[in-house]
Amino acid sequence: MRRIDILGSPVDVATMDETVGVIDEALANARFTQHVVVNVAKLVNMRKDPELDASVRECDIINIDGMGVVLGARALGHNVPERVAGIDLFHELLAMSEQKGYSVFLLGAKDEVVSETARRVQQQYPDLKLAGYHHGYFWDDEEAMVERIRASGAQLLFVAITSPKKENFINKWRDRLGVTFVMGVGGTFDVVAGKVQRAPVWMQKAGLEWFYRVLQEPGRMWKRYLVTNSVFAWLLLREKLRFRRKA
């Protein structure tokens, strides 16, 4: 795993297998690891949100989730083998945790969504140690939620809350969570619980997963993707032109 710079932001170049291997080794050695995935929207928002920027930079692993970032990195001359989608990594880590006896806590989404996620996760990974789960509406007393996670004895924590809240929550409380590994998983619980359908594989590979989300939730998603994708494309073009002038 090697760290590169994309438009001023650090990201790690790694395959899914390499990422799982690094996390497995950290868990085996009880070495705290803070993980984040970045996509186009997050890279753009980091440029105008200092707290989000700091929260991402503090992470031990910064995987590239969005295909837009993969393609952008390649356009800038970086050898990026693949994206490491957060939802796919989530399932890989659940399977590993089931096999190795690691305990897991699920945090985020609405109560009915996280409850259904826990039920389906336990069904798919019957030997998984599920230390607990809780919805994502606890902002009136964050400290109590942190203590609940610590008391659960969980080794892995998955946080399904929107950005930048999840990144900032994780970074703020990282030293008191009591877990060995923590990862923000965004809308993963909505997909696992069956509330939102994931894009077909061909759209994922073509970098069109964002478009599929817009089709499902146009009112909430169209502006976010239109703005951030346009800004990212402009920043990428400007960076390419800068490289050419230097050459």
**Item:** Filter result for F189 (more than 22 Å from A75 (Cβ to Cβ), modelled with pLDDT of 85 or more and not in a loop (DSSP other than H, G, I, E, B))
**Value:** yes
**Message:** Being at pLDDT 95 or above, assigned to a helix (DSSP H, G or I) and under 21 Å from L27 (Cα atoms) is the requirement here; does L106 meet it?
**Reply:** no
**Message:** Against the conditions (1) part of a helix (DSSP H, G or I); (2) open to solvent by 20 Å² or more (accessible area, probe 1.4 Å); (3) of a type in the set (V, I, T), where does V196 fall short? Just the number, please.
**Reply:** (1)
**Fill in**
So, first residue in the same structural domain as I6 (by the TED database) and of a type in the set (V, I, T) in the stretch 42-55, second residue surrounded by 14 or more Cβ atoms within 10 Å (Cβ to Cβ) and part of a helix (DSSP H, G or I), Cβ within less than 7 Å, six or more apart or across chains; the pairs are V44/T228; V44/V231; V44/F232
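For a quick check of your reading: which helices (runs of 4 or more DSSP H) sit entirely within the stretch 28-100 and have at least 2 residues that are open to solvent by 70 Å² or more (accessible area, probe 1.4 Å) and not hydrophobic (A, V, I, L, M, F, W, C)?
Result: 50-57, 86-100.
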**Fill in**
If you go through R74, R83, the only one that is under 13 Å from the mean Cα position of the chain (by Cα), in the same structural domain as V182 (by the TED database) and at pLDDT below 95 is R83
**Prompt:** Would you pick out the residues in the stretch 101-110 that are open to solvent by 10 Å² or more (accessible area, probe 1.4 Å) and either touching a residue at least 40 places away in the same chain (Cβ under 8 Å) or under 17 Å from V159 (Cα atoms) (or both)?
**Reply:** Y102, S103, A109, K110
**Prompt:** How many residues, within the stretch 155-185, are part of a helix (DSSP H, G or I), without any contact (Cβ under 8 Å) to a residue 40 or more places away in the chain and under 16 Å from the mean Cα position of the chain (by Cα)?
**Reply:** 2
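The values are calculated or read from the model by the stated rules, or taken from the named source; none is laboratory data. Note that this is a predicted model, so its numbers are computed, not measured. Counting neighbours? That spans all protein chains shown, and the Cβs are built from the backbone with ideal geometry, glycine included. Ligands, DNA and RNA are excluded from the accessible area calculation, which covers all protein heavy atoms including side chains. Shrake-Rupley method; radii C 1.70, N 1.55, O 1.52, S 1.80 Å.
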